[in-house]
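K.L.:
Below is one structure. I have some questions about it.
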Amino acid sequence: MLTLEHVAVRYSGRPVLRDVSFSIAPGEIVAYLGANGAGKPTTMKVVTGLREPDHGRVPYAGRDVAEDPLGLRRRLGYVPETAEVLSVPVRPGVPAALGPGCASSPRRRSRSGSTSRSRGSTCPRSWW
């Protein structure tokens, strides 16, 4: 069970979320709707542990998200409004995550327009 209990968030002293509370049961599919400026992305940042609330708690499976944000992220599917949670663009980030053999051997485009990987790459072709 994921629960928000009286969550409040302020940005630069301005309240963005005020006393938000709800629960989502295991297996339940939820749509979180609201007007522009209602705080939907901020709520999701709190739920995913990317932003701690100024007030309130977010327990998930008996543990507060603030105590174990990575544990929650392993179990939660979330598609952000923007890719701000990534520190690098996805394409360069994938080989970097796979290891040094991938990161050091990007594809190269020849003058004829064909592409190839440099020799000695341990990066699986399917990633390119």
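K.L.:
In debye, nearest 20, what is the charge dipole magnitude of the stretch 2-73 about its Cα centre with +1 on Lys and Arg Cβ and -1 on Asp and Glu Cβ, if you could check?
P.N.:
300 debye
K.L.:
Within the stretch 40-68, find all residues whose amide N lies under 15 Å from a label point positioned 7 Å from the Cα of Arg10 along Cα-to-beta-carbon.
P.N.:
Of the residues in the stretch 40-68, 53-56 have backbone N under 15 Å from the label point off Arg10.
K.L.:
Turning to a different aspect of this structure: Based only on other Cβ atoms within 10 Å, what is the fewest-to-most ordering of Arg51, Arg14?
P.N.:
Arg14, Arg51
K.L.:
Treat the count of other C-beta atoms within 10 Å as a stand-in for reagent exposure and order Ser21, Ser12 from fewest to most.
P.N.:
Fewest-to-most ranking of Ser21, Ser12: Ser12, Ser21.
Values in this text are rule-based calculations from the coordinates and carry no lab data. Everything numeric in this text was worked out from a predicted model, so none of it was measured. Note that each Cβ is placed from the backbone with ideal geometry, even for glycine, and that neighbours are counted across all protein chains shown.
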